[in-house]
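The values are calculated or read from the model by the stated rules, or taken from the named source; none is laboratory data. Everything numeric in this text was worked out from a predicted model, so none of it was measured. Counting neighbours? That spans all protein chains shown, and the Cβs are built from the backbone with ideal geometry, glycine included.
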Ligand code: ADE
């Protein structure tokens, strides 16, 4: 899966995409990342990407032309890719959306807005709009990283265990929370690991895990 990112701050992605599982996924040839600087598609000698909003108001908006040009250049590289716009106006992002994208998307183009927003007409070039939570961030880069991370870890061959993603929180049901887990030492500052987990009795351990899997209220 090719993942392209359109941003005014592509350097923000370097650490995230070059660490841990996202790096391993690239290293194993499961994904490729391509960073696109929106500034390269800006207007005139100053590569302008933003302008004041019609109707007045604070701040600047990303103009439609640089955004469309950047999306079209990404589409040339990967015509089948799905264009995703992180925005507080979008559908609330969820595990089921991540599952769907991991399974069905051939490639992704993430468009990261900045400043006070973007010219709304850009939605005509976008396939999905996602909000990652009911709070406002300074730009689309962090939401794009969240979306990328949630998808890449689901791609076959990225996580270690065959079934690593099947038993975890939110899988199967949006309000499911995985059971708590413990590792050595058995006692830390008087805090003990539940006895049943040390018993070696697999049936009892399974029952305990079912009982201690939670549901969001
Ligand atoms: N941009 C700013 N805040 C956002 C959010 N919560 N989700 C997606 N994009 C955003």
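In the range 90-125, which residue that is within 11 Å of the ligand (Cβ to nearest atom) and more than 23 Å from residue 41 (Cβ to Cβ) is surrounded by the most Cβ atoms within 10 Å (Cβ to Cβ)?
So, considering only residues that are within 11 Å of the ligand (Cβ to nearest atom) and more than 23 Å from residue 41 (Cβ to Cβ), the one surrounded by the most Cβ atoms within 10 Å (Cβ to Cβ) is 93.
From the list 186, 206, which one is touching a helix residue (DSSP H, G or I) at 6+ places or on another chain (Cβ under 9 Å) and free of Cβ contacts under 8 Å to residues at least 24 places away in the same chain?
Unique residue meeting the criteria: 186.
Kindly check whether there is at least one residue in the range 135-158 that is away from the ligand (no atom under 16 Å from the Cβ), part of a strand (DSSP E or B), over 27 Å from residue 63 (Cβ atoms) and at pLDDT 95 or above.
Checked against the condition, which is being away from the ligand (no atom under 16 Å from the Cβ), part of a strand (DSSP E or B), over 27 Å from residue 63 (Cβ atoms) and at pLDDT 95 or above, the range 135-158 yields no hits at all.
Please report, ordered by residue number, the helices (runs of 4 or more DSSP H) entirely within the range 1-80 with at least 2 residues that are within 17 Å of the chain's Cα centre (by Cα) and within 30 Å of residue 158 (Cβ to Cβ).
14-17, 20-27
Return yes when residue 121 is touching a helix residue (DSSP H, G or I) at 6+ places or on another chain (Cβ under 6 Å), in the same structural domain as residue 25 (by TED's automatic domain parsing) and not in a loop (DSSP other than H, G, I, E, B) and no when it is not.
yes
Among the residues of the range 1-39, which ones are more than 24 Å from residue 106 (Cα to Cα) and surrounded by 14 or more Cβ atoms within 10 Å (Cβ to Cβ)?
The initial filter retains those residues of the range 1-39 that are more than 24 Å from residue 106 (Cα to Cα), namely 8-9, 11-12, 15, 39.
Listed by number, the residues that qualify are 8, 9, 12, 39.
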